[in-house]
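The values are calculated or read from the model by the stated rules, or taken from the named source; none is laboratory data. The structure presented is a predicted model; accordingly, all values stated were derived computationally and were not measured. Here the Cβ positions follow ideal geometry from the backbone for every residue, glycine too, while neighbour counts run over all protein chains shown. The accessibility values were calculated without ligands, DNA or RNA, using every heavy atom of the protein model including side chains. Shrake-Rupley method; radii C 1.70, N 1.55, O 1.52, S 1.80 Å.
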Amino acid sequence: MADFVQVIDPGHGGHDPGAVANGLREKDLTLKIALYARDYIHENYENVKVYLTRDKDVFLGLSERADFANRLKADHFCSIHINAGGGKGFESFIYNGNYSNKPKTQALRNVLHDTIISETDFANRGKKEANFAVLRETNMSAVLTENGFIDNTFDATYLKSDFNLRKIAIAHAHGLAKAHGWKLKPKKQASKLSKSGVYYRVITGSFENRENAEQRVKELKAKGYDAFIDVYKK
Ligand SMILES: [Zn+2]
């Protein structure tokens, strides 16, 4: 099966800083979010290839960004921006015209939007439509996210933390994965994850009765945790 091609487009760059306020520049924030999202997607999902319209601080015109995705015959396009102008929270946009894949574009956006709202601390400003060039000129389903207001004190404080930028990126990754049905890569063995050779085990219970231990393992697995029974003899 051919890889799913996801284009992520960090807004602005180079001589175009985008919105600037509170010591922050939109172009820096969008790039960080895009890089985090790309790396997270490649690390966690199989058969997905993420292409960024830019992976450094360079200027790109709007049509160049759309052309990039069209040339790649991408399956989906996601542009990342930070808002400004006196508001607060998150909103997302799709193209406001009439086009054949609009219902699909809408459905994908709804999943992404709802995931980002549930995984970040942004207020929900709603699902919107606009005549933006990158949305209009891309041939595939396309969405543009506005991740908080750089000139709002609450949002700017949130955006100053790399931890939160990563959270926003991961929320995009989770939302896109859910929208497109991406499959998680099989879990790596602990031995492959540890470079130091040191492991930290978390024990959640000791039981005299094996059935009780099995019950605990079942509960943990149901919650998505890896668990196993280690028999200990005195
Ligand atoms: Zn912007």
Once you've got the GNM for the chain with C-alpha springs shorter than 10 Å, pick whichever of Ser92, Ser79, Ser161 has the biggest mean-square fluctuation. Ser161
For segment 4-184, the per residue accessible area (1.4 Å probe, Å²) is 42 Å²
How large is the Kirkwood hydrodynamic radius of segment 8-108, in angstrom, based on all distinct alpha carbon pairs? 15.0 Å
Hey, rough spin-label estimate for Val20 and Ser161, points 7 angstrom out along Cα→Cβ, what's it come to in nanometres? 2.7 nm
P(r), alpha carbons of segment 49-151 - 10 Å bins starting at zero, rounded %: 15, 45, 35, 5
Within 10 Å of each candidate Cβ there may be at most 16 other Cβ atoms; applying that plus a DSSP loop requirement, which trypsin sites (Lys or Arg not before Pro) in segment 85-187 survive? Lys88, Lys160, Lys187
Could you work out the relative contact order of the chain? I mean the mean sequence separation of Cα pairs under 8 Å and 6+ apart, divided by the number of residues, in percent. 23 percent
Charge dipole (the chain, unit charges on Cβ, about Cα centre) - positive-most of Ser206, Ala130, His113: Ser206
Given C-alpha coordinates of segment 4-184, what is the ratio Rg to Rh with the Kirkwood estimate of Rh? 0.93
Looking at the chain as a GNM with Cα springs under 10 Å, which of Ser63, Ser100, Ser206 has the largest mean-square fluctuation? Ser206
At R0 = 35 Å, how high is the FRET efficiency between Ser63 and Ser118 if r is their beta carbon distance? Nearest 0.05 is fine. 0.55
Could you work out [θ]222 nm for the chain from helices alone, using -39500 (n - 2.57) per DSSP H run of at least four and dividing by all its residues? Round to the nearest 500 deg cm²/dmol. -12500 deg cm²/dmol
Treat every Asp and Glu Cβ in the chain as -1 and every Lys and Arg Cβ as +1, leave all other atoms uncharged, and give the resulting dipole magnitude about the Cα centre to the nearest 20 debye. 800 debye
Per-pair calculated FRET efficiency, R0 = 35 Å: Lys185 and Ser100 via Cβ, rounded to 0.05: 0.60
Using a Förster radius of 45 Å, what is the FRET efficiency between Ala130 and Arg216 based on their Cβ-Cβ separation? Nearest 0.05, please. 0.30
